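Asker: Below is one structure. I have some questions about it.
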Amino acid sequence: MRIRIHRGSNEIGGSCIEVESSGYRILLDLGLPLTAPDLASIPLPDVAGLTGTSSSLLAIVLSHGHRDHWGLMPKVRSDVPFVMGKVTSQILKAASDFVPDTFSPEVSTFLEHRKTLEIGPFKLTPYLMDHSGFDAYAISVEADDQRLFYSGDFRAHGRKSKLFDALLHAPPRNVDLMLMEGSSLGRLAEHQQFPTEQELEEVFVDRFKHTSGMALVACSAQNIDRVVSIYRACKRSGRVLLVDAYAAEILKAIDHDSIPKPTSDWTNIAVYLPQSQRRQLVRKGIASIVDSYRGLRIWPDELSARSGALAMLFRGWMLDDLEKVGALQGARVIWSQWDGYLKDGPGKKLVETCALKNIPFEVVHTSGHASPSDLKRLASAVGARKLVPIHTFERDRFPALFENVSIHNDGEWIEVASGQI
Ligand SMILES: [Zn+2]
Ligand SMILES: [Zn+2]
């Protein structure tokens, strides 16, 4: 078995790994670089069978639903088998009505935690991971009596940290080559830890209790751990979580007993449709989805009076709508995603607008990726014969932190090689 990283050996984003055995191939992830202005401007990597037919490309396997892992998939011919988690595919489908450059995948096989599946000569075993993206997997690939282990994106300080502990306890054995992400290297010192989701929940409770008007939380509706933290903080502070149609559809798509969603089974959650979104739903011919929010809506003329009892999953473009109905009195904006997005574009504009309108603005966030010490815990539990950096801007730090590091460039074939399983 051999592998080739098409993108990601020296950057975060655009991850794509080709795996080959006995003349057959699969891809692990096919992402869009973080710097890509749009889908059209980034060509597909040089992999036979992505556009023209090639019977040797057996499947494209998606580790999780972040765009830096699936973003180029809409460009691929539609008859290539896609493999991914079931909930990931449901989230992608739900998002495709709202977000540009997305796709609604037809999935041939679903990844399930620790259930081995066979694709040609490859045996894949997925491991459900703690990550800011829901339904995220690390994947072990066996072929030719060799084993590759791809960490995907992961962390150990989220709401699913038990999964990480379980993996440390029972990691894949006899791993010849491990591809491990290193997003946090260069962002966090070796012995520092990121705040946990539970710690963030406490901060949200405090802020919600000390805000007289509406709490506006700018967070990705697909960051389900965070939505749960905010929802729990709402319940603890006597607020109702307000979501728009996009967030409502994402939460409904997950359809998991422990994940809040705007249905009659759940309290403290309601739906508000900004005017421009109502127009968008009509334009897309999906206005009927609002029927499912019956009894759960909060109307524009109610917002002002109820603002002190609401926390909204919010994006900057909604400010005008809220201002028009007088709902910004006493409001506070909490940025709950990567603060790099505040340097330009809509994030920067939001900071400036809040300053102009005297709306308090602060960042309450924790990383979706493992701290250096948690990376070390996984690397030593797996004990791979070869550890290859991926999904990092700081691969040169790997040799000082981990054993058996082997650095490779994009486009280079790497033999998985050696030991018997
Ligand atoms: Zn991710
Ligand atoms: Zn990623």
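Asker: Length gain on complete extension for the stretch residue 406 to residue 79, per 0.36 nm per residue less the alpha carbon to alpha carbon distance? It would help to have the intermediate numbers written out before the result.
Answerer: Details: separation 327, 0.36 × 327 = 117.72 nm, distance 3.53 nm.
Here the answer is 114.2 nm.
Asker: Which of 150, 341, 24 ends up with the largest GNM mean-square fluctuation for the chain, with Cα atoms connected below 10 Å?
Answerer: 341
Asker: Against the longest alpha carbon principal axis of the chain, how many degrees, from 0 to 90 and to the nearest 10, is the axis of helix 224-237 turned?
Answerer: Between helix and principal axis, roughly 30 degrees.
Asker: Let me ask something else. Take the residue pairs 209/349; 115/162; 261/284; 209/235 and return only those whose Cα atoms are more than 20 Å apart.
Answerer: Numbers: 209/349 27 Å; 115/162 18 Å; 261/284 23 Å; 209/235 11 Å.
In this structure, 209/349; 261/284 exceed 20 Å between Cα atoms.
Asker: Tilt of helix 372-382 relative to the longest C-alpha principal axis of the chain, in degrees (0 to 90, nearest 10)?
Answerer: 40 degrees
Asker: Also, quick follow-up: Springs between alpha-carbon atoms under 10 Å, Gaussian network over the chain: tell me which of 169, 408, 64 tops the mean-square fluctuations.
Answerer: Highest fluctuation of the listed residues: 169.
Asker: Same structure, new question: Report the residue, chosen from 90, 337, 192, that carries the largest GNM mean-square fluctuation when the chain is represented by alpha-carbon nodes joined by springs under 10 Å.
Answerer: Among 90, 337, 192, the largest mean-square fluctuation in the Gaussian network model of the chain belongs to 192.
Asker: Ok, one more. Before anything else, pin down the relative contact order of region 197-363: Cα pairs under 8 Å, at least 6 apart, normalised by residue count, whole percent. Numbers along the way, then the final one.
Answerer: Numbers: 245 pairs, mean separation 52.6, N = 167.
Answer for region 197-363 is 31 percent.
Asker: Sticking with this one: Report the rotationally averaged projected area of the chain based on its alpha-carbon convex hull, in square nanometres. Each step should come with its number before you reach the end.
Answerer: Values: hull surface 79.2 nm².
The directionally averaged projection comes out at 19.8 nm².
Asker: Given contacts defined as C-alpha pairs under 8 Å and at least six residues apart, what's the relative contact order of region 215-304, whole-number percent?
Answerer: 26 percent
Asker: So what's Rg/Rh here for region 197-363, counting alpha carbon atoms and using the Kirkwood radius for Rh? Present the calculation step by step, with values, prior to reporting the outcome.
Answerer: Working: Rg = 15.0 Å, Rh = 16.0 Å.
We get a ratio of 0.93 for region 197-363.
Asker: Still on this structure, I have one more. Calculate how steeply helix 345-356 sits against the longest principal axis of the alpha-carbon atoms of the chain, using the helix alpha-carbon long axis, and give the answer as 0 to 90 degrees to the nearest 10.
Answerer: 30 degrees
Where a number appears in this text, it was derived from the coordinates with a stated rule and is not lab data. None of the values given here were measured: they were computed from a predicted structure.
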